[in-house]
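Contents: one structure, followed by commentary.
Throughout, read-outs are computed from the coordinates displayed, never taken from laboratory work. As the structure is a prediction and not an experimental result, all values here were calculated from the model. Positions of Cβ are generated from backbone atoms using ideal geometry, with glycine treated the same way; all protein chains shown enter the neighbour counts.
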Amino acid sequence: MDYAETAAQLILEAVLPGKMKYQCEQSHGECDFEFRYDNGSIAAVEVTSSQDRTYVETVAALRKRGNVVPAVKCKQSWMVFPNSDANINKIRAKIDGCLFEVEQMGASEFKWLRGPQCALDLCFDLKINSGSVFSTEGAPQIFISGPGGGGAVGANLAIEAGEKEASKDDNRKKLGASGAAEHHLVVYIDVSNGLPWVALTDFQPPTTLPKLPAEITFLWLVGHGRETDEFVIWHAGVKEPWCSRRVVIPTTKTA
């Protein structure tokens with residue numbers, strides 16, 4: 001099982017009366033799990049992840065070669081903050097020369113749409129959100145922070161992420177082929193999917209019904225909370241409005 005599947009098993013067994021059984025054989029389109037209620041009834045459960053793939057790839061590129069670039073032209077040390085879709089190799093190749101031009105203009109910081117023209121050019125060209133000078137010992141260096149992003153956040157972002165997964169053909173097909181009375185889709189919202197994750201962990205869902213295709217009867221949105229071993233859970237069904245809860249599951253340290 002992958003981590004999303006492991007988390008789903010822990011969570012559903014913590015909040016529903018029954019046990020999850022992982023289906024090792026899925027060559028004929030079987031769902032990931034059967035949930036066996038204590039009363040003997042069975043539900044089909046499919047698990048998927050909602051991630052920002054670009055963010056994941058950017059982080060992987062940083063980890064592969066490290067986040068420090070030698071300052072050959074720059075006279076000061078800098079920290080720059082790329083957007084989630086930035087090309088890290090392009091930043092490595094050009095950032096020293098670009099920041100040197102910023103230094104020549106007498107600037108020690110810049111932000112998206114604010115700063116000298118050379119700073120604005122590097123923001124657009126290298127997809128960097130901001131940068132600033134800071135003090136370090138030894139020779140100047142340029143540090144590339146982990147990617148970030150921003151924007152308006154509301155509960156709708158988490159719900160839209162879940163409903164997007166619910167609309168995908170593969171999830172609908174697998175759940176629709178099950179003969180079980182209940183069809184559950186569990187969407188693990190990864191922290192890499194920044195705004196939907198913030199929406200899930202910081203907001204409450206609306207008391208409305210979800211938009212679900214005919215093949216899915218229940219939708220779960222789950223993600224790690226801000227406290228150790230805490231999960232945030234939003235749950236809704238075709239006749240059940242959104243509700244939320246938080247659970248602490250210490251055994252998640254196996255992640």
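Here's how it looks for S49: its modeled amide H is under 5 Å from those of Y188, which are all 5 or more places away or on a different chain.
The Cα trace of segment 68-144 gives Rg and Dmax of 11.0, 32 Å, the first to one decimal, the second as a whole number. Shown in residue order for segment 19-31 are the 3J(HN,Hα) couplings computed by the Karplus curve 6.51 cos²θ - 1.76 cosθ + 1.60 at θ = phi - 60°: 9, 8, 10, 6, 9, 5, 8, 10, 6, 10, x, 5, 6 Hz (x for Gly and Pro).
Residues in segment 228-233 carry Karplus couplings, in order, of 4, 6, 9, 10, 9, 10 Hz; the curve used is 6.51 cos²θ - 1.76 cosθ + 1.60 with θ = phi - 60°, and Gly or Pro positions show x. When the listed pairs K73/K94; K211/K239; K19/K239 are checked against a 21 Å cut-off, the alpha-carbon distance exceeds it for K19/K239. Taking 0.36 nm per residue of sequence separation and removing the Cα-Cα distance, the T208/N156 pair yields an extension gain of 17.6 nm. Extension gain, Y22-A181: 0.36 nm per intervening residue step, less the Cα-Cα distance, totals 55.4 nm. Count Lys and Arg as plus one, Asp and Glu as minus one, and take only other residues whose Cβ is under 10 Å from that of I42; the net charge is then 0. Quick note on the chain: its Rg to Rh ratio, both from C-alpha atoms and Rh being the Kirkwood radius, is 1.11.
Near S84: Cβ cut-off under 14 Å, other residues only, Lys/Arg at +1 and Asp/Glu at -1. The net charge is -2.
Counted over all Cα-Cα pairs of segment 181-241, pairs farther apart than 19 Å make up 33 percent.
In this structure, the residue pairs whose Cα-Cα separation is over 22 Å, taken from K21/K173; K75/K111; K64/K168; K64/K111, are K64/K168; K64/K111.
If R0 is 51 Å, the Cβ-Cβ spacing of V15 and K111 corresponds to a FRET efficiency of close to 0.75.
For segment 150-255, the convex hull drawn through the C-alpha positions has a volume of 116 cubic angstrom per residue. Å³ per residue of the Cα convex hull, for segment 12-102? About 156 Å³ per residue, rounded to a whole number.
As a proxy for reagent exposure, L185, L10, L209 were ordered by neighbouring Cβ count within 10 angstrom, fewest first; the result is L209, L10, L185.
In the chain, the DSSP beta bridges split such that about 65 percent are antiparallel, to the nearest 5. With K and R counted +1 and D and E -1, the other residues having a Cβ less than 13 Å from that of L126 yield a net charge of -1.
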